[in-house]
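None of the figures in this text is laboratory data; all of them are computed from the coordinates on show. Since we're looking at a predicted model, the values are computed, not measured. We place every Cβ from the backbone using ideal geometry, glycine too, and count neighbours over all the protein chains shown.
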């Protein structure tokens, strides 16, 4: 017997120049969803992000054959962030699942994400290959090393217990993600969503996932160019910066302050040790101290310059840290208030 109140699921598939795999991937996805027809009502929303190959035409042909497939075309490549925002805006489901068209996460993740969302009533469920029981297969070592490094860095910066911040494969509560004010245009949208969700105290959970590139390798798809890896790594570091920018300023400032303090203490110790060896005998202590320090400066002038410059830079970095902390709190308060107003309008 078919349930009457089945959840309606939107599967969002961003696509850019995927003509080699789109037809086979959709065949696999649709076959899987049809097998779950007793549990879910569903739609597939393909966002053709300005593809320059036959991706858009193939998607349109498939949509004509099946009314559960819809296609939205960007006139030019507007990057992943815009593609996801388009998908969120135009989806009809109460639960939204974002899936990579190259099936680097197999289709069985769909049900696992949905079931976890229904079980927890969470706003976001993340498919994480880096948490306990997660797995990675057929991914080049340099790629996985950079990805793990960036995600650990973000975990440290965010002070949140999640293992995967950059991954795209997730399930969202529709009413939550549609009201989240997103600005990022590229891959940085994934950590941006987590950052803004944390501000709103959203419910976020992870499930163990299997990241597997064997399917895309069958079709000769290459995602490992050096430029792309470097760009992804740098953008990941910058994305980590948005979580707690003050930590980086204060950390650098504190280290520089310790260095300056060490040099200052060294100068003071040498000055005090030099005082008894002065050939002249001034009456006042401050005269003796000044002459001793002048002698130390004459012998080691670079210590004064390095110590002074380091101290000034340390004070500047600490000041920037406190200013960025104030600005972060101000931004988070405004974002929280604006989002709350949007929810009640």
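What FRET efficiency do you get for residue 329 and residue 302 if R0 is 30 Å and r is their Cβ-Cβ distance, rounded to the nearest 0.05? Mind dumping the intermediate values first?
Working: r = 41 Å, r/R0 = 1.35.
The pair residue 329/residue 302 has a calculated efficiency of 0.15.
Test of understanding: in a Gaussian network model of the chain with alpha carbons linked when under 10 Å, which of 138, 85, 291 would top the mean-square fluctuation ranking?
In this elastic network of the chain, the residue with the biggest mean-square fluctuation among 138, 85, 291 is 291.
With angles folded into 0 to 90 degrees, how steeply does helix 301-344 sit against the dominant principal axis of the chain? Use alpha carbons for both and round to 10.
30
Before anything else, pin down the relative contact order of the chain: Cα pairs under 8 Å, at least 6 apart, normalised by residue count, whole percent. Don't skip to the end; give the middle numbers.
Working: 529 pairs, mean separation 58.0, N = 345.
That works out to 17 percent.
Quick one: if you stick a label point 7 Å off each Cα along the C-beta vector at residue 77 and residue 38, how many nm between them?
Here the modelled spin labels are 4.5 nm apart.
Would you kindly state how much longer the chain becomes between residue 5 and residue 152 on full extension, computed as 0.36 nm times their sequence separation minus their alpha carbon distance, in nm to one decimal? Mind showing how you got there, number by number?
On the way: separation 147, 0.36 × 147 = 52.92 nm, distance 4.02 nm.
Answer, rounded to one decimal: 48.9 nm.
Just to be sure I understand: of the beta bridges DSSP finds with both ends in the chain, what percent are antiparallel, rounded to 5?
25
First measure r as the distance between the Cβ atoms of residue 53 and residue 90, then evaluate 1/(1 + (r/R0)^6) with R0 = 30 Å and state the FRET efficiency to the nearest 0.05. Each step should come with its number before you reach the end.
Working: r = 23 Å, r/R0 = 0.76.
So, using R0 = 30 Å, E works out to roughly 0.85.
At what distance in nm do the modelled label points of residue 289 and residue 121 sit from each other, each positioned 7 Å from its Cα along Cα→Cβ?
Label-label distance for residue 289 and residue 121, simple model: 6.7 nm.
Using only Cα atoms, tell me the angle between helix 226-243 and the longest principal axis of the chain; keep it within 0 to 90° and round to the nearest 10.
70
Using only the Cα atoms of segment 118-172, build the gyration tensor, take square roots of its eigenvalues as a ≥ b ≥ c, and label the shape rounded, prolate or oblate: rounded if a/c is under 1.5, else prolate if a/b is larger than b/c, else oblate. Mind showing how you got there, number by number?
Details: a/c = 2.36, a/b = 1.44, b/c = 1.64.
Judged from the Cα gyration tensor, segment 118-172 comes out oblate (a/c at least 1.5, b/c at or above a/b).
Based on other C-beta atoms within 10 Å, arrange 267, 124, 12, 118 from fewest to most. All intermediate terms of the calculation are to be shown ahead of the outcome.
On the way: 267 17, 124 22, 12 25, 118 14.
Sorted ascending by nearby Cβ count, the order is 118, 267, 124, 12.
Based on the inverse mean of 1/r over its pairs of different Cα atoms, what is the Kirkwood hydrodynamic radius of the chain, in Å? Before the final figure, lay out each step's value.
On the way: mean 1/r = 0.0424 Å⁻¹.
Kirkwood hydrodynamic radius for the chain: 23.6 Å.
Between segment 251-320 and segment 92-147, what's the alpha-carbon centroid distance in Å?
With segment 251-320 and segment 92-147 each reduced to a Cα centre, they are spaced 56 Å.
Report the extension gain between residue 183 and residue 198 in nm, rounded to one decimal, defined as 0.36 nm multiplied by the number of residues separating them, less their alpha carbon distance. Mind showing how you got there, number by number?
Details: separation 15, 0.36 × 15 = 5.40 nm, distance 1.62 nm.
Between residue 183 and residue 198, full extension yields 3.8 nm more.
Anyone know which of 95, 272, 21 comes out most mobile in the 10 Å Cα GNM of the chain?
Between 95, 272, 21, it is 272 that shows the largest mean-square fluctuation.
Quick check on the chain: helices-only [θ] at 222 nm, where DSSP H runs of length 4 and up contribute -39,500 (n - 2.57) each and the sum goes over total residues. Nearest 500, please.
-19000 deg cm²/dmol
Can you tell me, using C-alpha contacts under 8 Å and at least 6 residues apart, the relative contact order of segment 110-164 as a whole percent? Don't jump to the answer; show the numbers that get you there.
Numbers: 27 pairs, mean separation 17.9, N = 55.
For segment 110-164, the relative contact order is 32 percent.
What residue among 298, 210, 163 shows peak mean-square fluctuation when the chain is described by a Gaussian network model with Cα springs under 10 Å?
Judging by the Gaussian network model, the answer is 298.
To test your reading of the geometry: what angle, between 0 and 90 degrees and rounded to tens, separates the Cα axis of helix 189-199 from the longest principal axis of the chain?
It works out to around 70 degrees.
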